[in-house]
Amino acid sequence: MAEKPATRRLAAIAVADVVGYSRLMEADEVGTLAVLKQRRVEILDPAVRAHGGRIVKLMGDGVLLEFASAVNAVKAALELQTKFTQANQAVREPRHIVLRIGINLGDVIGEGSDIYGDGVNIAARLEVLAQPGGICISAKVHEEVRGKIDAAFADMGEQLLKNIATPVRAYRVGYAAAASAAGSAHTLSDKPSLAVLPFANMSGDGQQQYFSDGITEDIITELSRFRSLLVIARNSSFQYRDKGVDVRRVGRELGVRYVVEGSVRKMGGKVRITAQLIDAPSANHLWSERYDRGIGDLFAVQDEVTRTIVATVTGRVEDAEIRSAAGKRTIMPQAHDCLLRGIEHFRGYGADDNRLARELFEQAVALDPRFGLAHAYLAMALLAEKGYGNAPAAAKERALACALTAVRLDPGEARCHQFLGVAYRFRDEYDLAIRHLERAAALNPNDDSGMTQLAAVLAVCGRAEEAIDLIRQAMRLNPFHPDWYWKIFGNALYTARRYEEALEAHRRIAVNKRPWYIARVAACLAQLGRHEDARAEAAEVLRLKPDFRISVELPHYKNPADADHVREGLRKAGLPE
């Protein structure tokens, strides 16, 4: 019988491997294999199936996955990283199983159950570029998933991949959990980030390369033990070996603030090691040092130098972060005090609190006109005091001007972008709102408030399911979140026609049960066919606000059909148009 010919098809390919597999196997071969088997049964298999993919084959410390959709491939990868991180919390740090994942969209050759071709090879090379606990995708995948999932992406630029003739543009999935080379979980955004480039071998003897590599790897390993730092894995930083690199480019491509580079020279019975710490965005040298030691006990020398460099680098990075943070702060302590007191009132949500917050933020801006965050909070207070979407045009205009000023003064502050996104939302400029809210998420991926604000906009832009996923993430980050999170959650669930869940969400609002919240409950009940209960809730709305009218209270939606859907539920409940 003739063999079935190979076929070509377009597919999204994901390649994942286990960071530090050899180390794990060396420490406990039987235990490691048992944990990997458990993770496959409990996490890998269900996640791949849930997103319509298949496991092509297991490859020792890695796995090859195929999906028909790039969106599904990235969603599956995000789920894998999240669940592996959660599972690691139940075991000691040396036993953590941490993945790197690369994803590509391309032509593959199918032969039986296996697949081959450049589409697979590129995914494998991208996996090497991914940070431990992270995901690296090709530009083709980025083009397909952008705007369709709630992740942020960092452009790594054109990458020269081994055995791939044409450079491939790569993106790092920016809010995924990352882990150090030692396997401990970190978050990309909230720690000083650092890459250690391969130390140059200055000995004139290629056979001594192992020594300079050993110095570099030991520094990476030791730095990775510090939970206060995010250290790029060896595989990513070693791609710059033997290249004349621009540290600014390294910073952009690896997404780091600081770069360590140096050299090693062996001279007879001596070894000379130089090291320097560089601020990547500015290319300024923060610290440099030279060490001359005897070569008598090579390993002792290496250990001593590594400990010395690690101690100095850690201290210098922390000092630099402190100076950087201090440079961003307002120089007026009184203005900062006004901001803090204003935020306290702003979290009170009442009419008097909103007014007092606005006045305090205005004082902060008057005291220090270059205090970006004060301008940002003033924008929010102006909207809150006037009812957000119901605010007069002049109030919305002033709020937008304040938020734009905030971003201009402090473009690296997530809350400035977040509040600008909110200001755009209530002007019905939805694309700009999403752009700045996504920027805020990239700057601070763990800001649950920013996630919820982004979810709110997605929910009124026809992307309810994405909003639901995002608000659930926010609630996991902040189990004691304010009531308005339930409001956003309920709105998104209603838009998705998930009325029972929407009803439950709206009923979770414990305090400040305003007429609009009760009207939402009435709409859910009406859509569920519980008309008597719906009319009772509608009567309560009119008792609290006799002049309630759907045409006045209805929030704005990007798609008229979504607004009509809300109007329909309110009418069914008996509320007046």
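Table for the structure above
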read-out	value
Matching residues in region 32-56 - criterion: being loosely packed, with under 12 Cβ neighbours inside 10 Å and of a type in the set (A, V, I, L, M)	34, 41
Selection within region 65-84 - touching a helix residue (DSSP H, G or I) at 6+ places or on another chain (Cβ under 7 Å), closer than 14 Å to residue 134 by Cβ and in contact (Cβ under 8 Å) with a residue 60 or more places away in the chain	74, 80
Hey, residue 535 open to solvent by 80 Å² or more (accessible area, probe 1.4 Å) and at pLDDT 90 or above or not	yes
Test: residue 341 is among the basic types (Lys, Arg) and over 22 Å from residue 553 (Cβ atoms)	yes
Some residue of region 118-128 being farther than 16 Å from residue 63 by Cα, open to solvent by 20 Å² or more (accessible area, probe 1.4 Å) and at pLDDT below 90	yes
Residue identified as in contact with a helix residue (DSSP H, G or I) (Cβ under 9 Å, 6 or more places away or on another chain) and among the small types (Gly, Ala, Ser) among 561, 523	523
Near pairs, Cβ below 8 angstrom, 6+ apart or cross-chain, from region 408-422 (of a type in the set (Phe, Trp, Tyr)) to any residue that is crowded, with 19+ Cβ neighbours inside 10 Å	419/376; 419/377; 419/379; 419/380; 419/403; 419/406
Of all residues in region 438-457 being among the aliphatic types (A, V, I, L, M) and out of contact with any Leu (no Cβ under 7 Å at 6 or more places or on another chain), the one that is modelled with the highest pLDDT	456
All positions within region 340-358 that are more than 24 Å from residue 370 (Cβ to Cβ), part of a helix (DSSP H, G or I) and modelled with pLDDT under 80	351
Residue match in region 90-106 (condition: modelled with pLDDT of 85 or more, in a helix (DSSP H, G or I) and open to solvent by less than 10 Å² (accessible area, probe 1.4 Å))	no
From 13, 103, 43, 109, residue being of a type in the set (A, V, I, L, M), within 22 Å of residue 151 (Cα to Cα) and touching a Ser or Thr at 6+ places or on another chain (Cβ under 8 Å)	103
Close pairs (7 angstrom Cβ cut-off, 6 or more residues apart or separate chains): under 16 Å from residue 347 (Cα atoms) and open to solvent by less than 30 Å² (accessible area, probe 1.4 Å) in region 471-496, at pLDDT 85 or above and not acidic (Asp, Glu) anywhere	485/452; 485/471
Verdict on residue 404 being modelled with pLDDT of 90 or more, surrounded by 24 or more Cβ atoms within 10 Å (Cβ to Cβ) and at negative phi	no
Check on residue 75, at pLDDT 90 or above and open to solvent by 40 Å² or more (accessible area, probe 1.4 Å)	yes
Residue list for region 192-212, filter: at pLDDT below 80, over 16 Å from residue 267 (Cβ atoms) and open to solvent by less than 40 Å² (accessible area, probe 1.4 Å)	192, 193
Condition met for residue 150 (in contact with an Asp or Glu (Cβ under 7 Å, 6 or more places away or on another chain) and of a type outside the set (S, T, N, Q))	yes
Subset of region 129-152 that is open to solvent by 20 Å² or more (accessible area, probe 1.4 Å), in contact (Cβ under 8 Å) with a residue 40 or more places away in the chain and in a helix (DSSP H, G or I) - its residue that is nearest to residue 73 (Cα to Cα)	144
Residues satisfying the stated conditions in region 116-128, i.e. of a type outside the set (Asp, Glu) and part of a helix (DSSP H, G or I)	119, 120, 121, 122, 123, 124, 125, 126, 128
Conditions (1) in a helix (DSSP H, G or I); (2) surrounded by fewer than 24 Cβ atoms within 10 Å (Cβ to Cβ); (3) out of contact with any Cys (no Cβ under 8 Å at 6 or more places or on another chain); number of the one not met by residue 419	(2)
Selection count where residues are without any contact (Cβ under 8 Å) to a residue 24 or more places away in the chain and acidic (Asp, Glu), scope region 541-565	2
Residue in region 57-64 that is open to solvent by less than 20 Å² (accessible area, probe 1.4 Å) and more than 28 Å from residue 165 (Cβ to Cβ) present	no
Exclusive hit being at pLDDT below 95, within 12 Å of residue 570 (Cα to Cα) and among the hydroxyl-bearing types (Ser, Thr, Tyr), set 517, 499	517
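Conditions (1) surrounded by fewer than 14 Cβ atoms within 10 Å (Cβ to Cβ); (2) at pLDDT below 75; (3) farther than 30 Å from residue 208 by Cα, marked per residue:
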{"site": "274", "(1), (2), (3)": "no, no, no"}
{"site": "279", "(1), (2), (3)": "no, no, no"}
{"site": "288", "(1), (2), (3)": "yes, no, no"}
{"site": "291", "(1), (2), (3)": "no, no, no"}
{"site": "300", "(1), (2), (3)": "yes, yes, no"}
{"site": "311", "(1), (2), (3)": "yes, yes, no"}
{"site": "316", "(1), (2), (3)": "no, yes, no"}
{"site": "338", "(1), (2), (3)": "no, no, yes"}
{"site": "366", "(1), (2), (3)": "yes, no, yes"}
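The values are calculated or read from the model by the stated rules, or taken from the named source; none is laboratory data. Quantities reported herein were computed from a predicted structural model and do not represent experimental measurements. Positions of Cβ are backbone-derived with ideal geometry, glycine not excepted, and every protein chain shown enters the neighbour counts. For accessibility, only protein heavy atoms count, side chains too; no ligands or nucleic acids. Shrake-Rupley method; radii C 1.70, N 1.55, O 1.52, S 1.80 Å.
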